[in-house]
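S.K.: Mind looking over this structure? Questions follow.
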Amino acid sequence: MVGYDSIDKAKLPKHIAIIMDGNGRWAEEKQQDRLFGHLHGVESVRDVVEGAAELGIQYLTLYAFSTENWDRPQTEVDGLMELLVNTIKKEVPTLNKNNIRLMVIGDIEKLPDNAKNELGEAINETSKNTGLNLVMALSYSSRWEIINAIKNISRDIQNGSLLAEDITQQLFSEYLTTKDIPDPELMIRTSGEYRISNFLLYQLAYSELYFTNTLWPDFRKQHLYEAICDFQKRERRFGKTSQQINNELNQ
Ligand code: IPE
Ligand code: IPE
Ligand code: MG
């Protein structure tokens, strides 16, 4: 069985991003309310965060709530927000104990005040931690992020602090919410859906994609290890030929 020991610790991805999907179906399979699935999804978050921290992964981005998820039934949205607030409050001591820094990307202004406040506090209280950076994507969508970046770039051109000809890929990425965060090498989506759902469209340009049928509430460290092992078997060519890559490795 693929486990912790099968992972080459010298070739770990710096940044893993996960689309945590399948909570609703997991609950429906058990004839339960969708919120029951979200509640159990928190257990998976705990286990996977712990697993990533133990391995020494530097960044873990979890897609927890998309811009489009605001269109779900109000009871589900309210339940998710309540779960978010309660979980953050409860988890701060564990984050500190494990040296984990919490970060958030997304349109946070849309979140209810208590969620915004709890998040702000948790970010502050964990800001000095130097281990895993746990990036929660909340009220996040990539198109929102890109349009937002373009607005800010336009503003800076208008006020004279930026010249259009100075726009580079590097500069553009500094206007994204993932500024200072390296692009993910590995993106995992659970629940057997093969799509990106408006997640990190720019940053995933050269990420390795890993899809599993496991529903998020069943996902554990073990599944993370399997995804990392699969990733480590791949050849990342970035447009070059296999021969070029091998030559570079042998140099
Ligand atoms: C993922 O599970 C969690 C969120 C999007 C908040 P879903 O709630 O999308 O579960 P399914 O896809 O309906 O099973
Ligand atoms: C993507 O899941 C968003 C999150 C996991 C937070 P969805 O379940 O909302 O995605 P679609 O709508 O099926 O593409
Ligand atoms: Mg879903």
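S.K.: Could you name the lysines whose alpha carbon sits less than 20 Å from that of LYS30, not counting residues in the same chain fewer than 8 places away?
M.R.: List returned: none.
S.K.: Debye calculation, C-alpha points only, no solvent: report log10 I(q)/I(0) for the stretch 151-206 at q = 0.15, 0.26, 0.31 Å⁻¹, in the same order as the q values.
M.R.: -0.57, -1.09, -1.30
S.K.: So, R0 is 45 Å and r is the distance between the beta-carbons of ASN148 and LYS240; what FRET efficiency does that work out to, to 0.05?
M.R.: E between ASN148 and LYS240, to the nearest 0.05, is 0.85.
S.K.: Here's a follow-up. Quote the accessible area belonging to THR126 in square angstrom, nearest 10, computed with a 1.4 Å probe and with ligands, DNA and RNA left uncounted.
M.R.: 0 Å²
S.K.: Over every pair of different alpha-carbon atoms in the stretch 44-173, take the mean of 1/r and invert it; report that Kirkwood radius in Å.
M.R.: Taking every pair of different Cα atoms in the stretch 44-173, averaging 1/r and inverting gives 16.4 Å.
S.K.: Could I ask something else about it? With 28 Å as the limit, write out which pairs from LYS151/LYS240; LYS9/LYS116; LYS11/LYS90; LYS11/LYS240 have Cα-Cα distances beyond it, or answer none.
M.R.: Pairs exceeding 28 Å: LYS151/LYS240; LYS9/LYS116; LYS11/LYS90.
S.K.: I would also like to ask the following. Which net charge results when you count Lys and Arg as +1 and Asp and Glu as -1 among the other residues whose beta-carbon is under 14 Å from that of VAL2?
M.R.: Net of charged neighbours comes to -1.
S.K.: By the scheme Lys and Arg +1, Asp and Glu -1, what is the net charge of all other residues having a beta-carbon under 10 Å from that of ASP21?
M.R.: Counting the neighbours of ASP21, the net charge comes to +2.
S.K.: Counting only heavy atoms of the protein chains, get the accessible area per residue of the chain (1.4 Å probe) and round it to a whole Å² value.
M.R.: I get 53 Å² per residue for the chain.
S.K.: Another one. Using a simple charge model, +1 on the beta-carbon of Lys and Arg, -1 on the beta-carbon of Asp and Glu, nothing else, what dipole does the chain show about its Cα centre, in debye to the nearest 20?
M.R.: 420 debye
S.K.: State the answer as a single residue: which of ASN198, ILE88, THR177 lies farthest towards the positive end of the charge dipole of the stretch 74-217, with beta carbon charges of +1 for Lys and Arg and -1 for Asp and Glu, about the Cα centre.
M.R.: Of the candidates, ILE88 comes out farthest on the positive side.
S.K.: Ok, one more. Take each of the peptides 100-108, 150-158, average the number of other beta-carbon atoms within 10 Å over its residues, and list them starting from the highest.
M.R.: Answer by packing, highest mean first, reads 100-108, 150-158.
S.K.: To continue, here is another question. Check each of the chymotrypsin sites (Phe, Trp or Tyr not before Pro) in the stretch 130-233 and keep only those in coil by DSSP with at most 11 other C-beta atoms within 10 angstrom; list them in order.
M.R.: Here the chymotrypsin sites (Phe, Trp or Tyr not before Pro) that fit, given the DSSP loop and packing criteria, are TYR194.
S.K.: For LEU201 paired with GLU68, estimate the spin-label separation in nm (one decimal), with each label point 7 Å from Cα along the Cα-to-Cβ line.
M.R.: Simple spin-label model gives 1.1 nm for this pair.
S.K.: Still on this structure: Just need log10 I(q)/I(0) for the chain at q = 0.07, 0.16 Å⁻¹, Debye formula, equal scatterers on the alpha-carbon atoms, no solvent, rounded to two decimals.
M.R.: Normalising to I(0) and taking log10 leaves -0.26, -1.29.
S.K.: Continuing with the same structure: Would you please put 160-171, 73-84 in order of how densely packed they are, using the mean number of other Cβ atoms within 10 angstrom per residue and starting with the highest?
M.R.: 73-84, 160-171
S.K.: Determine the share of the chain's accessible area contributed by carbon and sulfur atoms, expressed in whole percent, with a 1.4 angstrom probe.
M.R.: 48 percent
S.K.: Between SER161 and ASP113, what is the label-to-label distance in nm when each label sits 7 Å out along the Cα-to-Cβ direction?
M.R.: Placing both labels 7 Å beyond Cα along the Cβ direction yields 3.0 nm.
S.K.: Which whole-number percent of Cα pairs in the stretch 1-114 have a distance greater than 24 Å?
M.R.: 33 percent
The values are calculated or read from the model by the stated rules, or taken from the named source; none is laboratory data. Treat the numbers as computed from the prediction; the structure is a model and nothing was measured. Ideal geometry is used to build each Cβ from the backbone, glycine not excepted, and the neighbour counts take in all protein chains shown. Heads up: the accessible areas ignore ligands, DNA and RNA and are worked out on the full protein's heavy atoms, side chains in. Shrake-Rupley method; radii C 1.70, N 1.55, O 1.52, S 1.80 Å.
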